[in-house]
């Protein structure tokens, strides 16, 4: 089947695997994961060609970083062969995007990850802070960390797409290397697509997370706390049932839909078992070999048309 595709990440010079390993589940966010299973998952990820791992001190209250660090150490892949991204500004205690906190944050993260540097440090969910503070205080502090060698590249993350243009329009070119968007490039919501030419013009790499829309596009359905409207949940449930009746898996179709846009460097998906790693990579390799199932995708898109691009509020009112 060949190996997993590597895609260039903006102007960073990094090449990331089209499937990225979202490490939030290693923080027991979706149920307990033992160390053996975590290590086996990371080992399998490397074996199948995944080289990009994303975490945050917020996930599992620092547990995700600790476990990922332990896994990377146990697997023993040379440091220059993998790419790690972590975040700053969002913690179990709350949000703090001050220069002082994010500067301290990277040292804590490096200790937990057992690394000398991270490839990407991202401001986590910036819509919950003041975007002007991100522009005037947080990003300049991260720039200093870049100069110090603790961080190679800088990113910003969040749900509302407007936060990205707000920040990128106000910082010098090359300040922000990467954006991480989630729940905006999937079968039910593809609004990230409209922003891709703009991001490309800014030389910014694009990572899209949560191709399954935080569980909406799964047979088992979303968790209780999912912020989507009842209408959106019902439409996604109907689409999942429709797929199942046709002998198809909506999660695999959703993953392939997201992977098929080459302007998005990596699709990040949470994983905490060898089986999940294998299924995600298999979906990518099948896509590369035979293309996506356009017929079924069109049928699902038809079912989801009434709720297409419907999202939910996140963060504080800016301005």
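For the pair residue 114 and residue 241, label points projected 7 Å from Cα toward Cβ lie 4.8 nm apart. Take the Cα radius of gyration of the chain and divide it by 2.2 N^0.38 Å, N being the number of residues; the result is 0.94.
What FRET efficiency would be calculated for the residue pair residue 6, residue 278, taking the C-beta separation as r and a Förster radius of 22 Å, to the nearest 0.05? Could you put the intermediate results ahead of the total?
On the way: r = 19 Å, r/R0 = 0.86.
Here the calculated transfer efficiency is 0.70.
Annotation for residue 170 and residue 190: the two label points, set 7 Å from Cα along the Cα-Cβ direction, are 3.2 nm apart.
Counting 0.36 nm for each residue step from residue 302 to residue 74 and taking away their Cα separation leaves a gain of 77.5 nm. Where the alpha-carbon atoms of the stretch 272-319 are placed on the principal axes, they occupy 46, 31, 17 Å, in descending order.
Across the stretch 74-192, the relative contact order, built from alpha-carbon pairs under 8 Å that are at least six residues apart, equals 23 percent.
Count the DSSP beta bridges whose two residues both fall in the stretch 1-117, then state the antiparallel fraction as a percent rounded to the nearest 5.
45
Label separation (residue 36 vs residue 219): 2.7 nm, computed from points 7 Å beyond Cα along the C-beta direction. Contact order, relative form, for the chain: 22 percent (alpha carbon pairs under 8 Å, 6 or more residues apart, mean separation divided by residue count).
Indicate, rounded to the nearest 5 percent, the antiparallel portion of the DSSP beta bridges found entirely in the stretch 81-207. So the antiparallel bridges amount to about 10 percent of the total. Antiparallel beta bridges, as assigned by DSSP with both residues in the chain, represent about 15 percent of the total such bridges.
Each reported figure results from applying straightforward, stated rules to the coordinates on display, with no laboratory input. Model, not experiment: these values are computed from the prediction. Please note: Cβ atoms are built from the backbone with ideal geometry, for glycine as well, and neighbour counts cover all protein chains shown.
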